[in-house]
Every structure is written in structure tokens, then in C-alpha cells.
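Here the structure is laid out as C-alpha cells; the discussion comes afterwards.
Taken together, the values in this text are just the output of simple stated rules run on the coordinates, not laboratory data. Fair warning: this is a prediction, and the values are worked out from it, not measured in the lab. So basically every Cβ, Gly included, is an ideal-geometry build from the backbone, and we count neighbours across all protein chains shown.
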Amino acid sequence: MERAGKLMRTNFMNKKLSIAWLQYLGLITVILLIIFLTHAVFGNVLTAANMRVMAMNMVFEAIMALGMTFVIILGGIDLSVASVFAFAEILVAKLMMEAGLPVPLAVIITIVACCGIGMINGFMIVAFRVHPMVITLGTLLTLRGINLAITDGRSISGFSDGFHWLGQGKIFGIDFPIVFFVVVAAILGFLLAHHKYFRQIYFIGGSERSARFSGVSISRVKISIYALCATLAGCAGVMAAAKYGAAHWGHGNMAELKAIGSVAIGGADMMGGSGTIFGTVLGAMFLAVVHNAFVTSAVNPFWYDIVNGAMLLIAVLISRFIAKQNDRKMKSVRQQKIEQSLQNQKSVT
């Protein structure tokens, strides 16, 4: 009986994995189709220079999306990442330009401060049992006010060449922010797939009550995941300031929606319990390709937001449909297990 139950659960998980890979293949096909169609109509798309521009235009939102993946799998949401992004720009600029700190120390202090903001978000969500949307929205507005107050609405510029390297430097001919994104995505993808601590995130997102009864330290996991999300937003903000040569309170405006969109389009369930780093990377690539197509075709940029919004809605609806189908299959597996158990009891008696 136990062996049969394990076999049914294994079959269910294999089917779930097959559905996920079908989603990925579909998304890859759409991405390639958009690239080739844009190149066929307008040309100059499949060039190294354009691919670099396309990647750099989306890399900072993609870095934020990596952290958002963990939060959404957990069953939460973080609306404050864009404000944390801008706060990181401003703080690192202030520490270098006004406090006179060396670049490495200013960067470390900034990243630690952003991590602290994420920990505060996680602590308030856990301690006050308030929906993450409310807490992180409050953080978004608070940080936006702080960013405006300490800059007077002005930009901060005049950084050293050493700092500029973080946004403009290259490793083996590839821009440092892109290298950073690829390395971090690979590490986080591996941890999410294989490390026990991070696997608990799926358990919590799927059923927090069951996770609590199983002895999972939900509070610790939530605080650490929100800290990770804010830390990555801080890293993105520091590199953005280095790339653009200026820090401004308005940088990263609405970036949280692009980060969330990348995760949703990548196949994560917005209710929690499912999602992958690979899917998020594909989602970010999709948004980058669509943005490039709009720029290349010189279409009114307002249409880009309309298309992004529509794609986000479609992605969420598809993910919810798949999640419901998986729930039904899981219930069917449980029912079969119960029926098999009853039959075994009858045969014994």
C-alpha cells in the first residue's frame, strides 16, 4: 500500500514537471518567434550590439525578479523593491560623495542596509500577521518619501571611475551586471532546486498550516526570504547608479511590476507553492524581447505597458488554471490512496 502511494505521488510529480517544461518550451518558442519576426521586418536585431542593449535594458529588473521569485513561491509579494532599488542608489551615492567613504565600504554598507529593510518587512509580516501587500506597500511609500527628502528631488552624480566599473565594466567582454545576474541566477536556481532550507519555501507556499505542523520554522524562512529579495534589489540599485552615473529618487519606478511580471510569465503560481528561477529568467527575457520589438518598430511606447499588462493577466490566469488542475489531480491521488487502503482492510478481514 505504501509503495503504491509513493508510486502515485511520483507519477503526479512527473506530470507536474512535464507541464512546467511544456510551459517553458512554449515561452522559448514565443521569444524566438518575436526575435526572428522583428529581425525579418526591421533588421539589425540579431546583432551582438543589439543583444547587449536588450540585456542591459532589462538586467536590473531581472535581478529584482530573482528575489521576487522566492517571495512569490513563499505565497507573498514585495511591492517595495523599486523603492529599495532607488534607496540603494541614493545611499551609496551619499556615502561616497558626502561621507567620503571608499567605494567598497559604501557598497557594503548600502547592501547591508537594504538587507535590513527586507528583514524589517519580513518581521512585520510575521509579527503582526498582516498581508505582505500592505506591509511592503507601506515600505514603498515610506522609502519613496525618504528618497525625496534626502535628495530634495535632485540627482547625485560625479562618481569615481572605480564605482562606474560596477555598472559599465566588463568581464571577458560581457557587462558586469549581466555576469552578476547569470551567476546569481545559477546559484539561486541550484539552491532552490536542491537545498533543503530553500525547498521548504514550496512547502510553506503550498500550505503554511501543513508546514507549521511539520515543524518548519516559518518565521525564520519568511524573514530570510524578504531579506534576500531586498538585498538583490539593493545590488541592482548600486549597479544602476554605476551604469547611469547618477542616483535619482525616480529610478526604478514601476520596476516592481516588471519583476512580478517576469515571475508570473515564467509560470509561477501567484498564490504560492510553485515557480522556478529558470522560468523567471525566461519571463525576464520575454519582457526584454517585447520591449526591444517596440523600440525597433518605433511604436508608441504607451502600447508597451498595455501589452505587458495584458501578458501579466494572461500569465496569472494560465498559472491559476494549471494550479487548479494540479490540485484536482492531487485530490484524485489522495482519493485513490484512501480507496486502496479500504480495499486492503476488507481483504485482510
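In sequence order, the range 196-209 has phi-based couplings of 4, 4, 6, 5, 4, 4, 4, 4, 5, x, x, 7, 4, 5 Hz under the Karplus curve 6.51 cos²θ - 1.76 cosθ + 1.60, θ = phi - 60°, and Gly or Pro positions carry x. Based on alpha-carbon centroids, what's the gap between the range 250-285 and the range 82-110 in Å, whole number please? Taking the Cα centre of the range 82-110 as reference, the centre of the range 250-285 is 26 Å away. For Gly266, the amide hydrogen comes within under 5 Å of the amide hydrogens of Gly283, counting only partners 5 or more places away or on other chains and with H modelled in the peptide plane. Helical content of the chain, expressed as a calculated mean residue ellipticity at 222 nm, amounts to -28000 deg cm²/dmol (DSSP H runs of 4 or more residues, -39,500 (n - 2.57) each, divided by residue number, nearest 500). Here the 3J(HN,Hα) profile of the range 56-67, calculated from phi with Karplus coefficients 6.51, -1.76 and 1.60 at θ = phi - 60°, is 5, 5, 10, 5, 6, 5, 5, 5, 5, 5, 4, x Hz, Gly and Pro shown as x. Given springs between every Cα pair under 10 Å in a Gaussian network model of the chain, which of Leu257, Leu33, Leu95 has the largest fluctuation? Result: Leu33 has the largest fluctuation of those listed. Note on the chain: GNM, Cα springs under 10 Å; of Met64, Met51, Met119, the largest mean-square fluctuation is that of Met51.
Charges were assigned to the Cβ only: +1 to each Lys and Arg, -1 to each Asp and Glu. The resulting dipole of the chain about its Cα centre is roughly 1700 debye.
Working note: Karplus 6.51/-1.76/1.60 with θ = phi - 60° gives the range 111-126 the couplings 5, 5, 4, 5, 4, x, 4, x, 5, 5, 4, x, 5, 5, 4, 6 Hz, where Gly and Pro are set to x. Across the cross-link table entries Lys170/Lys196; Lys196/Lys324; Lys222/Lys324, which are compared at the Cα atoms, the separations over 31 Å belong to Lys170/Lys196.
In the range 50-322, taking the dipole from charged Cβ atoms about the Cα centre, the farthest positive-side position among Leu313, Ala255, Gly275 is held by Gly275. Let me know the whole percent of all Cα-Cα pairs from the chain that are separated by more than 30 Å. That tail contains 41 percent of the Cα-Cα pairs. Sort the range 30-79 into rounded, prolate or oblate with this rule: let a ≥ b ≥ c be the square roots of the eigenvalues of the Cα gyration tensor; rounded if a/c is under 1.5, and if a/c is not under 1.5, prolate when a/b is larger than b/c, oblate otherwise. Prolate.
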